[in-house]
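J.: Here's a structure for you.
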Amino acid sequence: MNYKKIIAEKIHEKTNMGIENIEKLLEIPPKPEMGDYAFPCFQLAKTMKKAPNLISQELKESISKDYLEKVESMGGYLNFFIDKNSYTKHILEMVLSQKEKYGSSDIGKGKNVVVEYSSPNIAKPFHVGHLYSTAIGNALYKMMKFQGYNTIGVNHLGDWGTQFGKLIVAYKRWVDEEALEKEPINELLRIYVKFHDEAEKDPSLEDLARMHFKNLEDGCKEETELWQRMKDLSLKEFNKIYDMLNIKFDSLAGESFYSDKMDAVVDEIEIKGLLTESNGALVVNLDEYNIPPCIIKKSDGATIYATRDLAAAIYRKNTYDFYKNIYVVGSPQALHFKQIFTTLKLMGHEWAKDCVHVGFGLVKFADKKLSTRKGDVIFLEDLLNEAVSRTLELIEQKNTNLENKEDVAKKVGIGAVVFAYLKNNRERDIMFSFDDMLNFDGETGPYVQYTYARGKSILRKAEGFTSKADFSKLNSTEEFELVKLIAGFNEAILSAINKYEPSILTRYIIDVAKAFNKFYNQYSIISCEDEGLKAARLQLVEATTIVIKNGLSLLGIDVVEKM
RNA sequence: GCGCCCAUAGCUCAGUUGGAUAGAGCAACGGCCUUCUAAGCCGUGUGCCGGGGGUUCGAAUCCCUCUGGGCGCACCA
């Protein structure tokens, strides 16, 4: 039952306006007492050559009132009040019967979607910046899966490139084997930073690094073994973090996976007459699109990340026949993806239009950009551990007798961090601050989880209560606002998917929690004397917990039954 | 120099694709726990929506311009 459509049809009957156009114009009034839907009559004023307020008054009289409580004319607006009783009954029954499926759909049925996200660099720390891609990608992956898409999550590991030449040079000169066993990432970071320091004094180290990478690409034994060792050590560390975040990938095909697929790409570009030489490098000229050329091979003959991304896109099309190929990679790389997508188009791949770069802002710390080269990073693991221990302290203060304190602290603490990353528009930079991120008051992850736990607590206490719900009594503004919000869950997810913007869902969940807390504080549920009303309220509570649980799960956040 | 993005309350941010009196959270102050979890709820104050021009019945939202900031512009990823 789609009320928007029903109302649009009513207006359509009385005017010459198309249904779709009406649906687009229909809006939600700024205040609930002004109605549930509003139709602005200003556009009609032109065609009907009448004042908008006259039109709305006439429509108010002539329109059919089925499904509606009343219709009001306010200035140039026609305001609709839907029939609360049938609406509430319909929505709550739907939520309670669909449960963990509530909010899903099958609009993506039969469509494959590749989502590339996280993609940390091997031998470098997994720092707070990496969570941005990881959290956004994971949320998009889950939301699309929930809408019936066949999603393929790819962690495009940065496990290839000149940086490995540098690491091999550094390894052979300065590695401390003992430290490497104990804290692999730290030690690899130390020697990587040392390389850059030393290379400033002795630029020949850079040449040496390029040579080692060339050897690696050519499959030389020593380089390959060292590379494999660093990769294994790194993956072990990364998996610790993915376990904490409860994130899994369908494919770990990183850059190295494409090392034997690059010749074919270079050949294809050449056959299509796109390859030109420029300053010793092989490039695809993109002047006609007003963007710099896409470099395919460096002057030393080694490939570059653009080549690998081209190979990866083609491989993914051949393997998954994707409907969309999504890259969750920082906004600073926007130009790079423009070059890649344009090159694919020039190669004659019409599916280049299905490739999407989902960019996001930087994670900044006290106005400084985090730089791996300078060793100036905050490890994500440290942030997550800090979040968990602060949560544990809070539990000791507020709820000492809670069972499974550690487990709750983990879910709430980590959930708080992920929630903070997904709360705002992804194009925005995150000003990183422990105190802001780990402040658990107001619009935060813990606030929403707390709301869920409150709801569950009521449901536990009311177990066994089986009176029949009387929805006609569930008619306060607070209750009806909550019902309307709950009804909009699927719409919120679809909107988040369309814009590749998880924050739309995050903010929706906050709104639901707010509306619930308002209701919770004002009306008693368990001690409500009217049994029909009590039953209806309990259903509203349960529906709220279902929406919060499903919603947070799509963001990659677990709920707790008590906190 | 060229290109992309951004500018909304003291701070951090929303603003339903051009609609009604621009909203939240934090911080500050005041109130609410012998009754369902006070990580909560209620109340108080704050705005040249960066400046200027334009389009429109109607602009925080669209166009132009200026200012201030961020990011990116070939052998790093």
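The values are calculated or read from the model by the stated rules, or taken from the named source; none is laboratory data. Just so we're clear, the structure is a prediction, and the values are computed from it rather than from any experiment. When we count neighbours, we look across all protein chains shown, and the Cβ atoms used for this are built from the backbone with ideal geometry, even at glycine. Side chains included, ligands, DNA and RNA excluded: accessible areas come from the protein's heavy atoms. Shrake-Rupley method; radii C 1.70, N 1.55, O 1.52, S 1.80 Å.
J.: Averaged per residue, what accessible area in Å² does region A:294-415 show with a 1.4 Å probe, protein chains only?
T.: I get 46 Å² per residue for region A:294-415.
J.: Assuming R0 = 25 Å, what is the FRET efficiency of A:S389 and A:S553, from their Cβ-Cβ distance, to the nearest 0.05?
T.: E(calc), rounded to 0.05, equals 0.50.
J.: Right, next: What length, rounded to one decimal in nm, is gained on full extension from A:N279 through to A:N439, with 0.36 nm per residue of separation minus their alpha-carbon distance?
T.: The A:N279-A:N439 span can extend by a further 52.3 nm.
J.: Moving on to the next point. How large is the helix-only mean residue ellipticity at 222 nm for chain A, computed as the sum of -39500 (n - 2.57) over DSSP H runs with n ≥ 4, divided by its residue count, in deg cm²/dmol to the nearest 500?
T.: Calculated at 222 nm, the ellipticity per residue is -17500 deg cm²/dmol.
J.: Under a point-charge model restricted to the Cβ atoms of Lys and Arg (+1) and Asp and Glu (-1), what is the dipole moment magnitude of chain A relative to its Cα centre, in debye to the nearest 20?
T.: It works out to roughly 1520 debye.
J.: Moving on to the next point. Tell me whether chain A comes out rounded, prolate or oblate; compute the Cα gyration tensor, take square roots of the eigenvalues as a ≥ b ≥ c, and use a/c under 1.5 as the rounded threshold.
T.: The shape class here is oblate.
J.: Could you give the length gained on full extension between A:E61 and A:K172, defined as 0.36 nm per residue of separation minus the Cα-Cα distance, in nm?
T.: Between A:E61 and A:K172, full extension yields 31.4 nm more.
J.: Counting only protein chains, not ligands or nucleic acids, how are A:F81, A:F434 ordered by accessible area (probe 1.4 Å), most first?
T.: Greatest to least solvent exposure: A:F434, A:F81.
J.: Classify region A:122-233 from the C-alpha gyration tensor, please: rounded if a/c falls under 1.5, else prolate or oblate depending on whether a/b exceeds b/c.
T.: prolate
J.: Something else now. Exceeding 20 Å between C-alpha atoms, which entries from my cross-link table qualify? They are A:K109/A:K423; A:K101/A:K353; A:K84/A:K534; A:K473/A:K534; A:K324/A:K345.
T.: A:K109/A:K423; A:K101/A:K353
J.: Express the carbon and sulfur contribution to the solvent-accessible surface of chain A as a percent, rounded to the nearest whole number, probe 1.4 angstrom.
T.: The nonpolar share, carbon plus sulfur, comes to 47 percent.
J.: Under the rule of at least 5 residues apart or a separate chain, name every residue whose amide H is placed under 5 Å from the amide H of A:S105.
T.: Under 5 Å from the amide H of A:S105: A:Q147, A:G148.
J.: Would you kindly state how much longer the chain becomes between A:K364 and A:E225 on full extension, computed as 0.36 nm times their sequence separation minus their alpha carbon distance, in nm to one decimal?
T.: The span from A:K364 to A:E225 would gain 46.5 nm if fully extended.
J.: Taking 7 Å along the Cα-to-C-beta vector as the label spot, tell me the A:E270-A:D232 distance in nanometres, rounded to one decimal.
T.: 3.7 nm
J.: Calculate the FRET efficiency for A:Y315 and A:T400 from the Cβ-Cβ distance with a Förster distance of 60 Å, rounded to the nearest 0.05.
T.: For A:Y315 and A:T400, the calculated efficiency is 0.65.
J.: Need one value: the accessible area of A:C528 in square angstrom, 1.4 angstrom probe, rounded to the nearest 10.
T.: Surface open to solvent at A:C528 totals about 20 Å².
J.: Let me have the relative contact order for chain A, percent, based on Cα pairs under 8 Å that are six or more residues apart. Kindly include the intermediate steps, with their values, before the conclusion.
T.: Details: 885 pairs, mean separation 86.3, N = 563.
It comes to 15 percent, rounded to a whole number.
J.: Would you tell me the accessible area of A:D300, worked out with a 1.4 angstrom probe on the heavy atoms of the protein chains, in Å² to the nearest 10?
T.: 60 Å²
J.: Pop a pseudo-label 7 angstrom from the Cα along the beta-carbon direction at both A:E20 and A:D382 and give the gap in nm to one decimal.
T.: 5.5 nm
J.: Please turn the phi angles of region A:449-458 into ³J(HN,Hα) values with the Karplus equation 6.51 cos²θ - 1.76 cosθ + 1.60 (θ = phi - 60°), one per residue in order, whole Hz, x for glycine and proline.
T.: 5, 4, 4, 4, 4, 4, x, 5, 4, 5
J.: What does the accessible area per residue of region A:56-106 come to in Å², with a 1.4 Å probe and no ligands, DNA or RNA counted? Walk me through the numbers before you get to the answer.
T.: Working: 2620 Å² over 51 residues.
Spelled out: the 1.4 Å probe surface of region A:56-106, per residue, equals 51 Å².
J.: Enter the Cα centre distance for the pair region A:199-252 and region A:47-96, rounded to the nearest angstrom.
T.: Comparing the Cα centres of region A:199-252 and region A:47-96, I get a distance of 63 Å.
J.: Return the subset of A:K405/A:K549; A:K298/A:K364; A:K456/A:K484; A:K70/A:K99 for which the Cα-Cα distance in this structure is over 23 Å, preserving the input order.
T.: Values: A:K405/A:K549 20 Å; A:K298/A:K364 32 Å; A:K456/A:K484 21 Å; A:K70/A:K99 32 Å.
Long pairs (Cα-Cα over 23 Å): A:K298/A:K364; A:K70/A:K99.
J.: Let me spell out the model: positive unit charges on the Cβ of Lys and Arg, negative unit charges on the Cβ of Asp and Glu, origin at the Cα centre of region A:29-135. What dipole size does that give, in debye rounded to 20?
T.: 280 debye
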